[in-house]
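Read the figures in this text as sums done on the coordinates, not as results from a lab. Because the structure is a prediction, the values reported are computed rather than measured. Here Cβ is always computed from backbone atoms with ideal geometry, including for glycine, and neighbour counts include all displayed protein chains.
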Amino acid sequence: MSGKWKMAAVSIVSIVLITVNLYLIEKKESKVERTVFVENWTKVKKDTITDTIQTNGVIKPVEEYDIYFDTKKNDFKKFLVKEGDAITAGSSLFEYTTTELDALKANLEAEKTAAEGEIAGIEEYIGKLRSYQGTMTSNPEKATIDESVEKNLNIDLKTSSSDLIKSNIEQEMYKQELEKNSLNEKVKMLDAKLSSIEEQSSAIVSTSEADGVVKNINKNLNNPIISIVSTNMAIEGDFSEEEMKKAEVGMTIKASSSDSKKALKGTIGRIHSYPAEEPSLKKDNRFPFQALIEPEGEETEALLVGSKVNLTVITNEKAGVPSIPIEAVQNHKQPYIYKLTKKGYVDKHYITKGLKAEGKQEIIKGPSVGDVILMEPDVAKNHSYFITPIQFEKVKAATYKKFTSREKVRYLLLGILEK
């Protein structure tokens, strides 16, 4: 009987000890150290985070030029083009007569001089951009930039990456080349008009200012008497009120269409600040925009007017920054994460958040790249021990033998008593 009583006593004492330990572990505000069972974790990674607007658009000509005719001062003779005709800068559109040839010639010459002056200014500006671009490539530390050029680039050269600066320079040169080409076309048109005045004292030929296609001719001479659309294509669409808060002119775009084999690239060229329709409480406001498409050389695929496209607008992008999944962040008054330390603790670390997009959160201040982060922060307690599922393929007998007897018992009890 005494043996049975001893076994019963030992069993009762064991149950009491285990019960007391479990109570102390579960008790709120208990000073007994808890252990967190960690199944999901990740590392802080160096990554690229891209914030975008996803919307739709339609392919349309970049511009539409309207030609007007003053019937009070001039006498119309005849049209020289038909609807649907493809024309170039300087192409003859219609003939008319006027008694103000001398004044007209002087005005045309003044316009030509002004246009040539603008072309010279653009060439000088492009030269400065190319010079700075070359210095950036060969010797970035000695690269200096004209103050006016820096202002036009609209970026902070001190904080921006060299890739971003080069990209902005390329975009700026592209836009300036477009403007230069437009002015050259204008000079050609003015030369054609001046030649026409010289050759014909009685009849004047009105010419086109740019390449394009004749969209409409008004034979009743109601203005505009001719409408011309450009051969260059753009993407037109509209932004919602929320998207308008993020969208800016100059942002990079990417577009795809079932009618085009290649993805289209470009930039936002124009955003209307006034809604497409009169504002109303009964419907959401939409703000029209136009995105310019970058040419891809001589092999640029012809785009069908009216084609629908899926459009991505890149509103912000951070490359090579520390990032973690957004679900690893506890978003309280001061956001924090839990870091798994090499000593076996789960420690709280407050962070300063940066860009958030694509399910990723940039860390401006906090754990470093490579640090291990808990993916379930709501189950953790600061500075508690943690254990992870055993990975049998990585377990080696030699490692187990290195543990002391006390460590073996400790880890065994942790596994048994872990909540």
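Going down the list LYS318/LYS343; LYS282/LYS333; LYS46/LYS381; LYS175/LYS365, which pairs span over 29 Å between their C-alpha atoms? Those over the limit are LYS318/LYS343; LYS282/LYS333; LYS175/LYS365.
Per-residue Cβ neighbour counts within 10 Å put MET251, MET173, MET189 in the sequence MET173, MET251, MET189, beginning with the fewest. Cross-link pairs exceeding 23 Å in C-alpha to C-alpha distance, out of LYS283/LYS356; LYS261/LYS360; LYS45/LYS356; LYS82/LYS265; LYS128/LYS188, comprise LYS283/LYS356; LYS261/LYS360; LYS82/LYS265; LYS128/LYS188.
Enter the Cα centre distance for the pair segment 63-82 and segment 200-275, rounded to the nearest angstrom. If we compute the Cα centre of each part, the gap is 21 Å.
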